[in-house]
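The values are calculated or read from the model by the stated rules, or taken from the named source; none is laboratory data. As the structure is a prediction and not an experimental result, all values here were calculated from the model. Neighbour counts run over all protein chains shown; Cβ positions are idealised from the backbone, glycine included. Please note that ligands, DNA and RNA were not included when accessible areas were found on the heavy atoms of the full protein model with its side chains. Shrake-Rupley method; radii C 1.70, N 1.55, O 1.52, S 1.80 Å.
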Amino acid sequence: MSRGNTRQRIQDVALELFAERGYEKTSLREIAEQLGVTKAALYYHFKTKEDLVTSLFEDLVLGPADEVIAWAEAHRPTTLETKLEILSRYSTCIGNATPLMRFMHENQAALRELSIGEQMKTRILTLLQLVKDENAALTDQVRCASALFTMHSALFTLEASNADPEEKRKAALEVAQELVTAAHHASAPQPGPETGNARH
């Protein structure tokens, strides 16, 4: 088995155990046992649990999110069409990392203690700046923040729904795009009175 495949297998098993037992209650020894390898073999790839979690976020979320941000930065000024595309691309990004999003949702306290939590927060705040207008009213800032929150939380807040994850992702994206569209239109400059009507 190649090193790359071994690394990915470690990540997959670790994520399963983290989701099942929680980050704090899962040890590297337990991950090694689940994999059927020695702890030394695991250390070859990841020295600590934080290294392992960091690799998961870098591979599954941070890297793809950085690609979305780079695309958005290259498409300024930010039109409504660009904002909606940013949301669409980010939705695909987190949709491809559903188990990790669940981990993030269920282990928020642990993430606050890890450097990766701050890195994830930075990406989300950057995306927020890209989909909201600079001088947006507070209500429109809330709409844009709610759009990103909706995309992150829908998979978990709709657990009782019979819809599959992809249906939930698409529904959350639709709502997020509606919120950002409303904020964009509210922030757009309103046409002033015609010159002929301005004087009396």
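Annotations
- Lysine pair number, Cα distance threshold 26 Å (strictly under), the chain, separation 8 or more or different chains: 17
- Placing unit charges on each Cβ (+1 for Lys and Arg, -1 for Asp and Glu) gives segment 1-92 a dipole about its Cα centre, and among Gln8, Leu35, Tyr23 the Cα reaching farthest toward its positive end belongs to Leu35.
- Taking Cα centre as origin and charging only the Cβ of basic (Lys, Arg, +1) and acidic (Asp, Glu, -1) residues, the dipole magnitude of segment 44-89 rounds to 80 debye.
- Unit charges on C-beta of K, R, D, E only; dipole of the chain, Debye: 340
- 222 nm mean residue ellipticity, helices alone, for the chain (DSSP H n ≥ 4; -39,500 (n - 2.57); rounded to 500): -23500 deg cm²/dmol
- Each label was represented as a point 7 Å from its Cα along the Cα-to-Cβ direction; for Ala160 and Glu30 these points are 3.0 nm apart.
- Heavy-atom surface of segment 67-200, accessible at 1.4 Å and reported per residue (Å²): 59
- Shape category assigned to segment 53-98 from the gyration tensor of Cα positions, a/c cut at 1.5: oblate
- Of the residues Ser161, Ala172, Pro77, the one whose Cα sits farthest toward the positive end of the charge dipole of segment 21-180, with +1 on the Cβ of Lys and Arg and -1 on the Cβ of Asp and Glu, is Ser161.
- For GluC sites (Glu not before Pro), the sites in segment 85-176 that DSSP calls loop and that have at most 13 other Cβ atoms within 10 Å are Glu134, Glu159.
- Correct option for Kirkwood radius over Cα pairs in Å [calculated from the coordinates] among [x] 16.2; [y] 18.9; [z] 17.6: [y]
- Shape class of segment 51-127 from the Cα gyration tensor (axes a ≥ b ≥ c, square roots of the eigenvalues): prolate, since a/c reaches 1.5 or more and a/b is larger than b/c.
- For segment 43-52, backbone phi angles converted through the Karplus equation (6.51, -1.76, 1.60; θ = phi - 60°) give residue-by-residue couplings of 4, 4, 9, 9, 6, 9, 4, 5, 4, 5 Hz, Gly and Pro being listed as x.
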